[in-house]
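> First, the structure itself, so that you have it in front of you.
The values are calculated or read from the model by the stated rules, or taken from the named source; none is laboratory data. Bear in mind that the values here come from a model prediction, so they are computed numbers and not experimental data. Every residue, glycine as well, gets a Cβ built from its backbone with ideal geometry; the counts of neighbours run over all protein chains shown. Protein only, heavy atoms only, side chains kept; ligands, DNA and RNA dropped before computing areas. Shrake-Rupley method; radii C 1.70, N 1.55, O 1.52, S 1.80 Å.
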Protein chains: 2
Amino acid sequence: MRPGVTPINAGASGRESAGHSPKTRHREILQTAARLICQDGYEATSIQRIAEACGLTKAGLYHHIRSKEHLLLEIMNYGMDVFEEQVLSQVLPIADPVERLKTCMDKHVRLVTRGRDKEITIILHEHATLTGDAQAQINARKKRYVRFLESSFTEAVRDGRIRPINPKVAAFAFLGMVNWIYKWFRRDGAVPEEQLAREMQDLLFGGLERGPR
Amino acid sequence: MRPGVTPINAGASGRESAGHSPKTRHREILQTAARLICQDGYEATSIQRIAEACGLTKAGLYHHIRSKEHLLLEIMNYGMDVFEEQVLSQVLPIADPVERLKTCMDKHVRLVTRGRDKEITIILHEHATLTGDAQAQINARKKRYVRFLESSFTEAVRDGRIRPINPKVAAFAFLGMVNWIYKWFRRDGAVPEEQLAREMQDLLFGGLERGPR
């Protein structure tokens with residue numbers, strides 16, 4: 001995707017360019033809009049600006065989206081889709097609660113460091129611009145993850161796999177550690193990408209586990 | 001402070017109301033502006049709106065501030081002042097690196113949960129609207145804290161007080177855990193305020209320490 005560089009040949013009709021499925025094109029629009037909103041803020045990013053960056057006219061863009069607020073909702077839902085597909089659904093089947101949590105941390109860290117969709121992560125965490133039902137929808141999806149972490153920690157304590165800790169605080173400590181990464185981590189920085197997940201697992205779980213590792 | 005409720009008798013001259021020192025009044029303006037920016041975003045918050053909420057005319061407000069961007073810089077510098085006064089300067093003299101880090105976590109957690117100046121915390125972390133020298137100034141103050149944490153972890157490993165970990169990852173894990181609190185913690189929620197700092201200390205340091213506690 002090279003948004004705003006080579007406008008794709010799509011006029012007011014919103015016709016798709018060759019080789020782009022409607023689904024791919026829609027995702028590109030979400031990614032481009034996310035990048036702009038991240039850069040300039042939601043209020044300061046006009047529909048006109050998003051259309052230009054997508055190589056569309058304003059009317060062409062409205063062929064793909066319903067409204068600016070609905071676009072933001074779609075970006076956030078897309079972010080949650082990516083997260084649930086690449087992290088949550090992968091670890092739910094793991095029987096052992098500590099292995100489940102550690103694998104979850106590994107996959108979540110990699111999702112954040114891999115850089116793709118970074119803007120979507122930022123929007124999910126920083127811009128509470130949604131209101132009403134849209135906000136409730138996204139919050140419910142976020143809460144599902146918190147509950148998953150909390151119940152996994154509860155299970156790990158109950159089974160004697162980790163020493164007794166407050167599962168709610170542990171869940172949010174986990175989230176804070178991982179969700180903070182996009183604020184400081186650079187792929188060319190002092191911490192190699194492939195070490196980060198292991199270091200974080202060790203910091204949180206290294207001192208909690210009781211059973212054989 | 002009851003911003004926007006009872007307009008203080010200050011006209012276009014920007015004269016102070018009785019009982020308010022210029023310093024107090026200035027701080028109130030920063031707090032009121034921070035609350036509005038947090039609520040509606042920096043772009044959407046006009047100088048006119050800030051003036052009204054402070055019970056001032058626009059001209060009256062300009063008696064206290066230089067520009068909207070400079071106001072944002074002042075809010076961020078005020079946030080860093082509060083943090084350095086109540087956290088960093090309190091723990092710098094502690095000789096033992098682990099005690100220093102644990103006390104730092106306790107004081108930082110309490111600063112976030114106590115609720116006062118919560119908006120300033122959010123602005124410091126979420127709104128990268130500053131540019132140029134102003135941004136560099138705030139980033140330098142934030143980096144000072146990161147370096148303090150990192151060097152304390154380095155010292156703790158070197159002295160054999162904690163097991164070997166990557167000090168940089170540990171510093172940002174500490175920051176992530178604590179800076180994430182404002183996103184989920186409620187004073188009337190399931191985790192009592194007085195327990196939170198202790199639980200977090202235990203999660204991060206409980207599994208790291210080697211020496212006698």
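> Conditions: (1) under 20 Å from A:Trp180 (Cβ atoms); (2) in contact with a Gly (Cβ under 8 Å, 6 or more places away or on another chain); (3) exposed (fewer than 14 other Cβ atoms within 10 Å of the Cβ). B:Gly160 meets all but one. Number of the miss?
Checking B:Gly160 against (1) under 20 Å from A:Trp180 (Cβ atoms); (2) in contact with a Gly (Cβ under 8 Å, 6 or more places away or on another chain); (3) exposed (fewer than 14 other Cβ atoms within 10 Å of the Cβ), the one that fails is (1).
> Something else: Here are some conditions: (1) surrounded by 19 or more Cβ atoms within 10 Å (Cβ to Cβ); (2) at the interface with chain B (Cβ under 8 Å from one of its Cβ atoms). A:Ala190 meets all but one. Which one does it not meet?
For A:Ala190, the exception is condition (1).
> Under 6 Å by Cβ, and 6 or more places apart or on different chains, what pairs join a residue from the stretch B:30-49 that is within 10 Å of chain A (Cβ to nearest Cβ) with one that is in a helix (DSSP H, G or I) and open to solvent by less than 40 Å² (accessible area, probe 1.4 Å)?
Close Cβ pairs satisfying both conditions: B:Cys38/B:Ile122; B:Thr45/B:Leu36; B:Thr45/B:Ile37.
> B:Glu126 fails exactly one of the following numbered conditions: (1) more than 22 Å from A:Leu208 (Cα to Cα); (2) more than 9 Å from chain A (Cβ to nearest Cβ); (3) out of contact with any Phe, Trp or Tyr (no Cβ under 9 Å at 6 or more places or on another chain). What is the number of that condition?
Condition not satisfied by B:Glu126: (2).
A quick yes/no check of all residues on (1) under 30 Å from A:Ile162 (Cβ atoms); (2) of a type outside the set (Asp, Glu):
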position: A:Cys54; (1), (2): no, yes
position: A:Thr57; (1), (2): no, yes
position: A:Ile65; (1), (2): no, yes
position: A:Glu69; (1), (2): no, no
position: A:Ser89; (1), (2): yes, yes
position: A:Lys118; (1), (2): no, yes
position: A:Thr131; (1), (2): no, yes
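> Same structure again: Restricting to the stretch B:134-184, give me the number of residues that are in contact (Cβ under 8 Å) with a residue 40 or more places away in the chain, β-branched (Val, Ile, Thr), in a helix (DSSP H, G or I) and facing another protein chain (nearest Cβ under 10 Å).
Going through the stretch B:134-184 one residue at a time, the tally reaches 2.
> Right, another one. Can you give me the number of residues within the stretch B:81-110 that are aliphatic (A, V, I, L, M), surrounded by fewer than 20 Cβ atoms within 10 Å (Cβ to Cβ) and within 14 Å of the chain's Cα centre (by Cα)? Talk me through it step by step, then tell me what you get.
Start the filter on the stretch B:81-110 by keeping residues that are aliphatic (A, V, I, L, M), which leaves B:82, B:87-88, B:91-92, B:94-95, B:98, B:101, B:105, B:109.
Okay, now just the ones that are also surrounded by fewer than 20 Cβ atoms within 10 Å (Cβ to Cβ), so B:82, B:88, B:91-92, B:94-95.
Next, only the ones that are within 14 Å of the chain's Cα centre (by Cα) stay: B:82, B:88.
Number satisfying all stated conditions: 2.
> Collect the residues in the stretch A:19-37 that are under 24 Å from B:Thr129 (Cα atoms) and modelled with pLDDT under 85, keeping them in residue-number order.
none
> Something else: Scan the stretch A:91-103 for residues that are over 14 Å from A:Arg198 (Cβ atoms) and without any contact (Cβ under 8 Å) to a residue 60 or more places away in the chain and report the count.
Counting residues in the stretch A:91-103 that are over 14 Å from A:Arg198 (Cβ atoms) and without any contact (Cβ under 8 Å) to a residue 60 or more places away in the chain gives 7.
> Shifting gears a bit: Answer yes if at least one residue in the stretch A:23-34 is under 25 Å from A:Ala136 (Cα atoms), hydroxyl-bearing (Ser, Thr, Tyr) and part of a helix (DSSP H, G or I), and no otherwise.
yes
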